[in-house]
Amino acid sequence: MSENSSKKSKTMKKLEHHQLQKIGESLIDIPDYNLVNFELNEELFEAVTLAKKIKAHGALRRQKQLIGKLMKHQDPEPILNQINILNNDSRVEKEILKKAEKWREDLLSKKNDALDRYNGLTGIENKTITDLLHQLESANQAQKLVHLKRQLFKIIHKDLVILSKKNMGN
């Protein structure tokens, strides 16, 4: 009886294969410059790269099956770890973009009150932001307003990225 319990059923093998194939399929969506960081064997790397170029549905389905087959010879744990790191980085970047947009809107609508809170958050008084806010008040052309608002967003975004990296370091 212990012999049979150590063997995997056909259903379990199929389930594992589908899970490995899903992991492999997720590699197709990862840009090449990030994919290089994954510890993929050469055959799997080439299969994933080729899958990115395939447009025909049937051919892509077969290529995904090949990727699943090749994943059997690859340890999935490091791949999953890299995918999680990429997903986390993406989530953090999205949060920073949202915060930068909110801060820009607050700075434009609440002026000095928001500027004081922003300076308290970053721990520095950013003179460029103060100058941009003054320029925005005196700007009368729509095109110039858009340009100044973009500059303001870029500065806020840069500050928040730096702040985020400091927080991660602690």
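For the chain, which whole-number percentage of the solvent-accessible area (1.4 Å probe, protein heavy atoms only) is attributable to carbon and sulfur atoms? Using a 1.4 Å probe with all protein chains present, the chain comes out at 53 percent carbon and sulfur.
Using the beta-carbon distance between residue 163 and residue 105 and R0 = 25 Å, what value does 1/(1 + (r/R0)^6) give for FRET efficiency, to the nearest 0.05? For residue 163 and residue 105, the calculated efficiency is 0.85. Which parts of the range 75-95 would a label at residue 19 reach, counting a residue when its backbone N lies under 11 Å from a point 7 Å out along Cα-to-Cβ? Under 11 Å, as judged by backbone N against the label point of residue 19, lie 76-77 of the range 75-95. For a 18 Å ceiling on Cα separation, which of these pairs sit above it: 110/149; 111/158; 98/149; 99/154; 98/144; 127/154? Flagged as over cut-off: 111/158; 98/144. Its Cα centre serving as origin, the range 62-159 has a Cβ charge dipole (Lys and Arg +1, Asp and Glu -1) of approximately 560 debye. Inter-label distance, residue 137 to residue 61: 6.5 nm, where each label sits 7 Å from its Cα along the C-beta direction.
Rounded to 0.05, the FRET efficiency of the residue 150 and residue 26 pair, given R0 = 30 Å and the Cβ-Cβ distance, is 0.30.
The order of 138, 164, 9 by accessible area, most exposed first and with a 1.4 Å probe, is 138, 9, 164.
Once every DSSP H run of n ≥ 4 in the chain is given -39500 (n - 2.57) and the sum is divided by its residues, what mean residue ellipticity at 222 nm do you get, rounded to the nearest 500 deg cm²/dmol?
Estimated from H runs of four or more residues: -27500 deg cm²/dmol.
Roughly what percent of Cα-Cα pairs across the range 1-99 reach past 15 Å? Roughly 66 percent, rounded to a whole number.
Estimated at 0.36 nm per residue, the fully extended path between residue 72 and residue 11 surpasses their Cα-Cα distance by 20.4 nm. Distance from a point 7 Å along Cα→Cβ of residue 54 to each backbone N in the range 65-87: keep the residues under 19 Å and list them by number. Output list for this probe position: 65-74.
Across the options 123, 167, 9, the greatest Cα extent toward the positive end of the charge dipole of the chain (unit charges at beta carbon of Lys, Arg, Asp, Glu) belongs to 9. Between helix 57-71 and the chain there is an angle of about 80 degrees, using the helix long axis and the longest principal axis of the Cα atoms. Shown here: the chain, whose C-alpha atoms stretch 80, 41, 25 Å along the first, second and third principal axes, sorted largest to smallest.
The values are calculated or read from the model by the stated rules, or taken from the named source; none is laboratory data. Everything quoted here is computed from the prediction, not taken from an experiment. All Cβ positions, glycine included, derive from the backbone under ideal geometry; neighbour counts span all protein chains shown. Just so you know, the surface numbers come from the protein's heavy atoms only, side chains and all, with ligands and any DNA or RNA stripped out. Shrake-Rupley method; radii C 1.70, N 1.55, O 1.52, S 1.80 Å.
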